[in-house]
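Read the structure below first, then the notes.
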Amino acid sequence: MKRALITGITGQDGSYLAEFLLQKEYAVFGMVRRSSTENLSRIKHLLGRITLFQGDLLDQPSLISPLREVQPDEVYNLAAQSFVPTSWEQPIATTQYTALGVARLLETIRLECPHARFYQASSSEMFGKAAEVPQNERTPFYPRSPYGVAKTYGHWATVSYRESHHLFACSGILFNHESPRRGKDFVSRKVTDAVARIARGLATELRLGNLEARRDWGYAGDYVEAMWLMLQQDSPDDYVIATGETHSVRELVEIAFAAAGLDWKQYVVVDPTLLRPAEVELLQGDYTKARRQLGWKPTVSFRDLIEMMVKADLEQYQRSAKSEAA
Ligand code: NAP
Ligand code: GDD
(Lines give C-alpha, C1' and ligand atoms only; values in the text may rest on other atoms or scores of the structure.)
(Ligands and ions follow the chains in the order given, each with its own letter.)
Protein backbone atom coordinates (compact mmCIF):
# COMPACT_ATOMS: atom_id res chain seq x y z
CA MET A 1 0.00 0.00 0.00
CA LYS A 2 1.47 3.39 -1.00
CA ARG A 3 1.50 6.15 1.62
CA ALA A 4 0.70 9.76 0.78
CA LEU A 5 0.89 12.79 3.04
CA ILE A 6 -1.17 15.85 2.12
CA THR A 7 -0.65 19.30 3.62
CA GLY A 8 -3.75 21.46 3.24
CA ILE A 9 -6.02 18.39 3.35
CA THR A 10 -8.85 20.51 4.81
CA GLY A 11 -8.90 22.74 1.70
CA GLN A 12 -10.78 22.33 -1.57
CA ASP A 13 -8.03 20.43 -3.39
CA GLY A 14 -6.94 18.48 -0.32
CA SER A 15 -10.41 16.97 0.03
CA TYR A 16 -10.61 15.90 -3.63
CA LEU A 17 -7.04 14.57 -3.61
CA ALA A 18 -7.68 12.53 -0.44
CA GLU A 19 -10.76 10.96 -2.08
CA PHE A 20 -8.82 10.27 -5.27
CA LEU A 21 -5.91 8.60 -3.44
CA LEU A 22 -8.24 6.50 -1.27
CA GLN A 23 -9.83 5.21 -4.47
CA LYS A 24 -6.32 4.25 -5.60
CA GLU A 25 -5.96 2.36 -2.30
CA TYR A 26 -3.36 4.64 -0.77
CA ALA A 27 -2.94 5.04 2.95
CA VAL A 28 -3.72 8.77 3.24
CA PHE A 29 -2.21 11.01 5.94
CA GLY A 30 -3.18 14.65 6.33
CA MET A 31 -1.49 17.53 8.09
CA VAL A 32 -3.91 19.87 9.83
CA ARG A 33 -3.08 23.02 11.78
CA ARG A 34 -4.69 23.57 15.13
CA SER A 35 -7.70 25.85 15.33
CA SER A 36 -10.01 26.65 18.21
CA THR A 37 -12.95 25.09 16.41
CA GLU A 38 -12.93 22.03 14.19
CA ASN A 39 -12.44 22.81 10.52
CA LEU A 40 -12.93 19.43 8.86
CA SER A 41 -16.17 20.05 6.96
CA ARG A 42 -14.71 19.17 3.54
CA ILE A 43 -13.24 15.86 4.75
CA LYS A 44 -15.74 14.75 7.38
CA HIS A 45 -16.99 11.97 5.08
CA LEU A 46 -13.42 10.61 4.96
CA LEU A 47 -12.71 10.57 8.69
CA GLY A 48 -11.94 7.04 9.80
CA ARG A 49 -10.29 6.29 6.44
CA ILE A 50 -7.52 8.88 6.74
CA THR A 51 -5.01 9.67 9.50
CA LEU A 52 -4.60 13.29 10.58
CA PHE A 53 -1.54 14.86 12.18
CA GLN A 54 -1.30 18.29 13.73
CA GLY A 55 1.29 20.41 11.96
CA ASP A 56 1.85 23.92 10.72
CA LEU A 57 4.00 25.13 7.84
CA LEU A 58 5.13 27.98 10.10
CA ASP A 59 6.65 25.54 12.55
CA GLN A 60 9.40 23.30 11.22
CA PRO A 61 9.53 20.96 14.27
CA SER A 62 5.86 20.12 13.69
CA LEU A 63 6.71 18.90 10.18
CA ILE A 64 9.43 16.53 11.35
CA SER A 65 7.44 13.92 13.26
CA PRO A 66 4.71 13.29 10.64
CA LEU A 67 7.36 12.82 7.94
CA ARG A 68 9.60 10.69 10.16
CA GLU A 69 6.72 8.49 11.34
CA VAL A 70 4.81 8.14 8.08
CA GLN A 71 7.81 7.80 5.73
CA PRO A 72 5.46 8.71 2.86
CA ASP A 73 6.01 7.61 -0.72
CA GLU A 74 4.42 10.87 -1.88
CA VAL A 75 4.02 14.31 -0.28
CA TYR A 76 1.52 16.80 -1.74
CA ASN A 77 2.10 20.35 -0.50
CA LEU A 78 -1.29 22.02 -0.93
CA ALA A 79 -1.21 24.18 2.21
CA ALA A 80 -0.95 27.93 1.61
CA GLN A 81 -2.55 31.28 2.30
CA SER A 82 -4.30 31.02 -1.06
CA PHE A 83 -6.55 34.10 -1.28
CA VAL A 84 -4.88 36.77 -3.42
CA PRO A 85 -6.48 39.93 -1.86
CA THR A 86 -5.41 38.83 1.64
CA SER A 87 -1.84 38.72 0.40
CA TRP A 88 -1.83 42.55 0.13
CA GLU A 89 -3.28 42.87 3.62
CA GLN A 90 -0.94 40.26 5.13
CA PRO A 91 2.13 40.12 2.89
CA ILE A 92 4.50 38.84 5.54
CA ALA A 93 2.19 36.07 6.75
CA THR A 94 1.56 35.08 3.13
CA THR A 95 5.30 34.90 2.51
CA GLN A 96 5.75 32.80 5.65
CA TYR A 97 3.09 30.24 4.68
CA THR A 98 3.22 30.23 0.93
CA ALA A 99 6.93 30.78 0.26
CA LEU A 100 8.99 29.83 3.31
CA GLY A 101 6.57 27.03 4.19
CA VAL A 102 7.72 25.28 1.01
CA ALA A 103 11.38 25.65 2.00
CA ARG A 104 10.64 24.26 5.49
CA LEU A 105 8.85 21.27 4.04
CA LEU A 106 11.44 20.54 1.35
CA GLU A 107 14.26 20.75 3.86
CA THR A 108 12.43 18.42 6.24
CA ILE A 109 11.86 15.94 3.40
CA ARG A 110 15.54 16.12 2.48
CA LEU A 111 16.49 15.23 6.05
CA GLU A 112 13.74 12.76 7.00
CA CYS A 113 12.48 11.01 3.87
CA PRO A 114 14.53 11.97 0.80
CA HIS A 115 13.01 9.20 -1.29
CA ALA A 116 9.51 10.67 -1.01
CA ARG A 117 8.14 12.14 -4.23
CA PHE A 118 7.07 15.77 -3.75
CA TYR A 119 4.30 17.80 -5.40
CA GLN A 120 4.26 21.60 -5.04
CA ALA A 121 1.00 23.46 -5.67
CA SER A 122 2.30 26.24 -7.91
CA SER A 123 -0.01 28.70 -9.56
CA SER A 124 -0.83 30.53 -12.78
CA GLU A 125 -0.68 33.69 -10.61
CA MET A 126 3.08 33.41 -11.17
CA PHE A 127 2.52 34.47 -14.82
CA GLY A 128 0.81 37.63 -13.57
CA LYS A 129 1.27 40.33 -16.19
CA ALA A 130 1.69 37.56 -18.70
CA ALA A 131 4.33 37.90 -21.38
CA GLU A 132 2.37 35.77 -23.85
CA VAL A 133 -1.01 34.14 -24.41
CA PRO A 134 -1.50 31.26 -23.82
CA GLN A 135 0.99 30.56 -21.02
CA ASN A 136 3.08 27.37 -20.97
CA GLU A 137 5.98 25.98 -18.91
CA ARG A 138 8.46 28.28 -20.66
CA THR A 139 6.50 31.52 -20.21
CA PRO A 140 8.44 33.92 -17.93
CA PHE A 141 6.95 34.73 -14.52
CA TYR A 142 5.82 38.29 -13.67
CA PRO A 143 3.83 37.96 -10.43
CA ARG A 144 1.55 40.88 -9.51
CA SER A 145 0.63 40.12 -5.88
CA PRO A 146 2.51 39.09 -2.73
CA TYR A 147 0.76 35.73 -3.20
CA GLY A 148 2.14 35.39 -6.73
CA VAL A 149 5.61 36.37 -5.54
CA ALA A 150 5.44 33.78 -2.73
CA LYS A 151 4.30 31.04 -5.12
CA THR A 152 7.15 31.93 -7.47
CA TYR A 153 9.59 31.38 -4.59
CA GLY A 154 7.93 28.02 -3.84
CA HIS A 155 8.23 27.01 -7.50
CA TRP A 156 11.92 27.82 -7.71
CA ALA A 157 12.62 26.19 -4.33
CA THR A 158 11.07 23.01 -5.75
CA VAL A 159 13.22 23.20 -8.89
CA SER A 160 16.28 23.91 -6.78
CA TYR A 161 15.77 20.88 -4.49
CA ARG A 162 15.25 18.73 -7.56
CA GLU A 163 18.44 19.95 -9.22
CA SER A 164 20.73 20.25 -6.20
CA HIS A 165 19.51 17.49 -3.85
CA HIS A 166 18.01 15.18 -6.50
CA LEU A 167 14.61 15.06 -4.82
CA PHE A 168 11.79 13.78 -7.01
CA ALA A 169 10.15 17.21 -6.80
CA CYS A 170 7.46 18.39 -9.25
CA SER A 171 5.76 21.75 -9.58
CA GLY A 172 2.22 21.79 -10.93
CA ILE A 173 1.45 25.21 -12.41
CA LEU A 174 -2.29 25.01 -11.96
CA PHE A 175 -4.72 27.52 -13.40
CA ASN A 176 -7.88 28.41 -11.44
CA HIS A 177 -9.95 25.39 -10.52
CA GLU A 178 -13.28 25.45 -8.78
CA SER A 179 -15.99 23.18 -7.39
CA PRO A 180 -18.93 23.23 -5.01
CA ARG A 181 -16.28 22.97 -2.24
CA ARG A 182 -14.55 26.21 -3.23
CA GLY A 183 -14.17 28.81 -0.47
CA LYS A 184 -16.84 31.51 -0.64
CA ASP A 185 -14.29 34.37 -1.03
CA PHE A 186 -13.19 33.22 -4.48
CA VAL A 187 -15.17 34.78 -7.31
CA SER A 188 -16.78 31.62 -8.71
CA ARG A 189 -18.24 30.48 -5.40
CA LYS A 190 -18.98 34.04 -4.27
CA VAL A 191 -21.17 34.34 -7.36
CA THR A 192 -22.85 30.92 -7.19
CA ASP A 193 -23.53 31.28 -3.47
CA ALA A 194 -25.04 34.74 -4.04
CA VAL A 195 -27.18 33.44 -6.93
CA ALA A 196 -28.58 30.75 -4.64
CA ARG A 197 -29.25 33.23 -1.81
CA ILE A 198 -30.95 35.66 -4.20
CA ALA A 199 -33.04 32.85 -5.71
CA ARG A 200 -34.11 31.77 -2.21
CA GLY A 201 -34.97 35.34 -1.17
CA LEU A 202 -32.06 35.63 1.27
CA ALA A 203 -30.17 38.43 -0.55
CA THR A 204 -30.94 41.20 -3.01
CA GLU A 205 -27.57 42.15 -4.52
CA LEU A 206 -24.05 40.92 -5.24
CA ARG A 207 -21.08 43.29 -5.03
CA LEU A 208 -18.14 42.46 -7.29
CA GLY A 209 -14.87 44.03 -8.43
CA ASN A 210 -13.38 43.72 -11.92
CA LEU A 211 -15.86 42.03 -14.28
CA GLU A 212 -13.45 42.13 -17.24
CA ALA A 213 -10.65 40.00 -15.74
CA ARG A 214 -10.26 36.72 -17.61
CA ARG A 215 -9.32 33.36 -16.17
CA ASP A 216 -8.87 29.79 -17.35
CA TRP A 217 -11.30 28.02 -15.01
CA GLY A 218 -11.41 24.22 -14.65
CA TYR A 219 -12.88 21.65 -12.28
CA ALA A 220 -10.87 20.80 -9.13
CA GLY A 221 -11.76 17.11 -9.35
CA ASP A 222 -9.93 16.90 -12.70
CA TYR A 223 -6.89 18.80 -11.43
CA VAL A 224 -6.04 16.52 -8.49
CA GLU A 225 -5.63 13.64 -10.94
CA ALA A 226 -2.94 15.69 -12.72
CA MET A 227 -1.09 16.16 -9.40
CA TRP A 228 -0.99 12.41 -8.92
CA LEU A 229 0.03 11.70 -12.52
CA MET A 230 3.05 14.01 -12.15
CA LEU A 231 4.37 11.85 -9.32
CA GLN A 232 3.91 8.60 -11.30
CA GLN A 233 6.34 9.56 -14.10
CA ASP A 234 9.88 8.20 -14.51
CA SER A 235 11.42 11.59 -13.78
CA PRO A 236 10.29 14.77 -12.01
CA ASP A 237 9.21 17.79 -14.04
CA ASP A 238 6.93 20.86 -14.07
CA TYR A 239 3.58 20.99 -15.84
CA VAL A 240 0.92 23.56 -16.70
CA ILE A 241 -2.57 22.26 -15.88
CA ALA A 242 -5.41 24.23 -17.48
CA THR A 243 -8.38 23.95 -19.83
CA GLY A 244 -6.93 26.10 -22.63
CA GLU A 245 -10.02 28.37 -22.55
CA THR A 246 -10.35 31.83 -21.08
CA HIS A 247 -13.56 33.50 -19.87
CA SER A 248 -14.33 36.82 -18.19
CA VAL A 249 -15.84 37.26 -14.74
CA ARG A 250 -18.78 38.86 -16.59
CA GLU A 251 -19.39 35.61 -18.54
CA LEU A 252 -19.20 33.63 -15.31
CA VAL A 253 -21.80 35.92 -13.74
CA GLU A 254 -24.12 35.69 -16.76
CA ILE A 255 -24.04 31.87 -16.79
CA ALA A 256 -24.50 31.58 -13.02
CA PHE A 257 -27.53 33.89 -12.82
CA ALA A 258 -29.11 32.37 -15.93
CA ALA A 259 -28.74 28.90 -14.36
CA ALA A 260 -31.21 30.04 -11.69
CA GLY A 261 -33.45 31.85 -14.19
CA LEU A 262 -32.23 35.30 -13.07
CA ASP A 263 -31.00 38.37 -15.00
CA TRP A 264 -27.63 39.31 -13.45
CA LYS A 265 -27.98 43.01 -14.40
CA GLN A 266 -30.71 43.42 -11.79
CA TYR A 267 -28.50 42.24 -8.94
CA VAL A 268 -24.80 42.85 -9.61
CA VAL A 269 -23.22 46.06 -8.30
CA VAL A 270 -19.65 46.92 -9.25
CA ASP A 271 -17.86 48.00 -6.09
CA PRO A 272 -14.57 49.86 -6.69
CA THR A 273 -13.32 48.86 -3.22
CA LEU A 274 -13.08 45.28 -4.53
CA LEU A 275 -10.65 46.19 -7.32
CA ARG A 276 -7.11 44.91 -6.71
CA PRO A 277 -4.00 47.11 -6.38
CA ALA A 278 -2.53 45.22 -9.36
CA GLU A 279 -4.74 42.93 -11.43
CA VAL A 280 -3.85 39.84 -13.42
CA GLU A 281 -5.92 40.66 -16.48
CA LEU A 282 -5.76 37.52 -18.58
CA LEU A 283 -4.84 33.92 -17.87
CA GLN A 284 -5.10 31.13 -20.42
CA GLY A 285 -3.07 27.96 -20.08
CA ASP A 286 -1.51 25.73 -22.70
CA TYR A 287 -1.57 22.21 -21.25
CA THR A 288 -0.04 20.48 -24.29
CA LYS A 289 2.87 19.08 -22.24
CA ALA A 290 0.52 17.54 -19.65
CA ARG A 291 -1.66 16.09 -22.39
CA ARG A 292 1.30 14.54 -24.21
CA GLN A 293 3.37 13.35 -21.25
CA LEU A 294 0.76 12.65 -18.56
CA GLY A 295 -2.15 11.75 -20.84
CA TRP A 296 -4.20 14.30 -18.85
CA LYS A 297 -7.07 16.43 -20.12
CA PRO A 298 -9.92 18.36 -18.47
CA THR A 299 -13.36 16.73 -18.53
CA VAL A 300 -15.72 19.47 -17.29
CA SER A 301 -16.58 22.50 -19.46
CA PHE A 302 -16.73 26.03 -18.06
CA ARG A 303 -20.52 26.21 -18.39
CA ASP A 304 -21.04 22.78 -16.80
CA LEU A 305 -18.74 23.75 -13.93
CA ILE A 306 -20.62 26.96 -13.11
CA GLU A 307 -24.00 25.25 -13.49
CA MET A 308 -22.82 22.41 -11.21
CA MET A 309 -21.83 24.97 -8.56
CA VAL A 310 -25.11 26.90 -8.81
CA LYS A 311 -27.07 23.65 -8.49
CA ALA A 312 -25.10 22.59 -5.42
CA ASP A 313 -25.61 25.98 -3.73
CA LEU A 314 -29.33 26.04 -4.55
CA GLU A 315 -29.70 22.57 -3.06
CA GLN A 316 -27.76 23.53 0.02
CA TYR A 317 -30.00 26.54 0.78
CA GLN A 318 -33.06 24.41 0.09
CA ARG A 319 -31.85 21.80 2.61
CA SER A 320 -31.21 24.51 5.25
CA ALA A 321 -34.68 26.01 4.65
CA LYS A 322 -36.28 22.57 5.06
CA SER A 323 -34.39 21.78 8.25
CA GLU A 324 -35.30 25.22 9.70
CA ALA A 325 -38.96 24.60 8.86
CA ALA A 326 -38.94 21.13 10.45
P1 NAP B 1 -7.65 26.32 0.07
O2 NAP B 1 -9.03 25.74 -0.08
O3 NAP B 1 -7.51 27.74 0.49
O4 NAP B 1 -6.87 25.40 1.12
C5 NAP B 1 -5.65 25.81 1.68
C6 NAP B 1 -5.23 24.79 2.73
O7 NAP B 1 -4.00 25.21 3.31
C8 NAP B 1 -6.23 24.62 3.89
O9 NAP B 1 -6.29 23.25 4.22
C10 NAP B 1 -5.55 25.41 5.01
O11 NAP B 1 -5.89 24.96 6.30
C12 NAP B 1 -4.10 25.07 4.73
N13 NAP B 1 -3.14 25.95 5.39
C14 NAP B 1 -3.06 27.29 5.29
N15 NAP B 1 -2.03 27.74 6.04
C16 NAP B 1 -1.47 26.65 6.64
C17 NAP B 1 -0.39 26.46 7.55
N18 NAP B 1 0.33 27.49 8.00
N19 NAP B 1 -0.08 25.21 7.94
C20 NAP B 1 -0.81 24.17 7.52
N21 NAP B 1 -1.85 24.27 6.67
C22 NAP B 1 -2.17 25.51 6.24
O23 NAP B 1 -6.82 26.14 -1.28
P24 NAP B 1 -7.09 25.20 -2.54
O25 NAP B 1 -7.95 25.91 -3.50
O26 NAP B 1 -7.45 23.85 -2.07
O27 NAP B 1 -5.63 25.18 -3.18
C28 NAP B 1 -4.67 24.23 -2.77
C29 NAP B 1 -3.29 24.76 -3.11
O30 NAP B 1 -3.19 24.97 -4.51
C31 NAP B 1 -2.92 26.09 -2.46
O32 NAP B 1 -1.54 26.05 -2.19
C33 NAP B 1 -3.22 27.11 -3.53
O34 NAP B 1 -2.43 28.27 -3.34
C35 NAP B 1 -2.82 26.33 -4.77
N36 NAP B 1 -3.50 26.69 -6.00
C37 NAP B 1 -4.85 26.72 -6.04
C38 NAP B 1 -5.49 27.01 -7.22
C39 NAP B 1 -6.99 27.03 -7.31
O40 NAP B 1 -7.51 27.60 -8.28
N41 NAP B 1 -7.70 26.44 -6.37
C42 NAP B 1 -4.73 27.26 -8.39
C43 NAP B 1 -3.35 27.20 -8.31
C44 NAP B 1 -2.74 26.90 -7.12
P45 NAP B 1 -7.13 25.58 7.14
O46 NAP B 1 -8.31 24.74 6.73
O47 NAP B 1 -6.70 25.37 8.54
O48 NAP B 1 -7.27 27.02 6.75
N1 GDD C 1 -12.40 37.06 -5.15
C2 GDD C 1 -13.03 37.97 -5.93
N3 GDD C 1 -14.08 38.67 -5.41
N4 GDD C 1 -12.59 38.16 -7.18
C5 GDD C 1 -13.24 39.05 -7.96
C6 GDD C 1 -14.33 39.78 -7.48
C7 GDD C 1 -14.77 39.59 -6.14
O8 GDD C 1 -15.71 40.20 -5.66
N9 GDD C 1 -14.78 40.59 -8.48
C10 GDD C 1 -13.98 40.37 -9.54
N11 GDD C 1 -13.04 39.44 -9.22
C12 GDD C 1 -11.97 38.98 -10.09
C13 GDD C 1 -10.58 39.16 -9.48
O14 GDD C 1 -10.16 40.54 -9.61
C15 GDD C 1 -9.77 38.18 -10.32
O16 GDD C 1 -9.36 38.81 -11.52
C17 GDD C 1 -10.78 37.09 -10.67
O18 GDD C 1 -12.08 37.59 -10.32
C19 GDD C 1 -10.54 35.76 -9.95
O20 GDD C 1 -10.42 36.01 -8.56
P21 GDD C 1 -10.37 34.81 -7.49
O22 GDD C 1 -11.51 33.89 -7.71
O23 GDD C 1 -10.22 35.44 -6.15
O24 GDD C 1 -9.09 33.98 -7.92
P25 GDD C 1 -7.59 34.44 -8.29
O26 GDD C 1 -7.43 34.28 -9.77
O27 GDD C 1 -7.23 35.72 -7.69
O28 GDD C 1 -6.73 33.33 -7.53
C29 GDD C 1 -7.11 31.95 -7.55
O30 GDD C 1 -6.49 31.31 -8.64
C31 GDD C 1 -5.06 31.25 -8.57
C32 GDD C 1 -4.57 30.54 -9.83
O33 GDD C 1 -4.56 31.46 -10.89
C34 GDD C 1 -6.73 31.36 -6.21
O35 GDD C 1 -7.25 30.05 -6.12
C36 GDD C 1 -5.22 31.26 -6.07
O37 GDD C 1 -4.90 30.54 -4.87
C38 GDD C 1 -4.68 30.50 -7.29
O39 GDD C 1 -3.29 30.35 -7.22
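The values are calculated or read from the model by the stated rules, or taken from the named source; none is laboratory data. Note that the structure is a prediction, hence the values are computed from the model and not measured. Note: ideal-geometry Cβ built from the backbone for every residue, glycine included; neighbour counts use all protein chains shown. Surface accessibility is based on the protein's heavy atoms, side chains included, excluding ligands, DNA and RNA. Shrake-Rupley method; radii C 1.70, N 1.55, O 1.52, S 1.80 Å.
A few remarks follow.
- Accessible surface comparison of GLU125, GLU69, probe 1.4 Å, protein chains only, largest first: the order is GLU69, GLU125.
- Here the chain is treated with +1 on each Lys and Arg Cβ and -1 on each Asp and Glu Cβ, and its dipole about the Cα centre works out to around 420 debye.
- Solvent-accessible area of the stretch 256-326 (1.4 angstrom probe, protein heavy atoms only): carbon and sulfur portion equals 49 percent.
- Shape box of the stretch 165-267 [Cα atoms, principal axes, largest first, Å]: 56, 24, 21
- If R0 is taken as 51 Å, the Cβ-Cβ distance between GLN318 and HIS166 corresponds to a FRET efficiency of 0.45.
- For LYS151, the lysines whose Cα comes closer than 30 Å to its Cα, not counting residues fewer than 8 places off in the same chain, are LYS2, LYS24, LYS44, LYS129, LYS184, LYS190, LYS289, LYS297.
- Accessible area per residue (1.4 Å probe, heavy atoms of protein chains only) ranks THR158, THR204 as THR204, THR158, with the largest value leading.
- Ligands, DNA and RNA left out, the accessible area of the stretch 123-250 computed with a 1.4 Å probe is 47% carbon and sulfur.
- Dipole of the stretch 94-225 [Lys/Arg +1, Asp/Glu -1 at C-beta], most positive-end residue of VAL195, SER164, TYR223: VAL195
- Helix-only mean residue ellipticity at 222 nm for the chain, each DSSP H run of n ≥ 4 adding -39500 (n - 2.57), per residue, nearest 500: -12000 deg cm²/dmol
- In this simple spin-label approximation, LEU202 and THR288 carry label points 7 Å from Cα along the Cα→Cβ vector, and these lie 4.6 nm apart.
- Most positive-pole-ward Cα, ALA116, LEU40, ALA80, against dipole of the chain from beta carbon charges: LEU40
- Apportionment of accessible area to carbon and sulfur, the stretch 1-95, percent (1.4 Å): 48
- In the context of the full set of protein chains, the stretch 274-326 has a per residue accessible area of 61 Å² (1.4 Å probe).
- Cα shape, the stretch 34-128, gyration tensor, a/c 1.5 rule: oblate
- ARG197, ARG49, ranked by accessible area, largest first (probe 1.4 Å): ARG49, ARG197
- C-alpha center-to-center spacing [the stretch 15-43, the stretch 123-187] in angstrom: 23
- Ellipsoid fit via the Cα gyration tensor, the stretch 46-91: semi-axes of 26, 14, 10 Å, each the root of five times an eigenvalue, largest first.
- The residues of the stretch 10-115 expose, per residue, 48 Å² of accessible area to a 1.4 Å probe.
- Accessible-area value, LYS190, 1.4 Å probe, nucleic acids and ligands omitted, Å²: 60
- Near-label residues of the stretch 206-249 by backbone N, under 14 Å of a point 7 Å along Cα→Cβ of LEU262: 206-208
- At a probe radius of 1.4 angstrom, the accessible area of the stretch 137-271 per residue rounds to 38 square angstrom.
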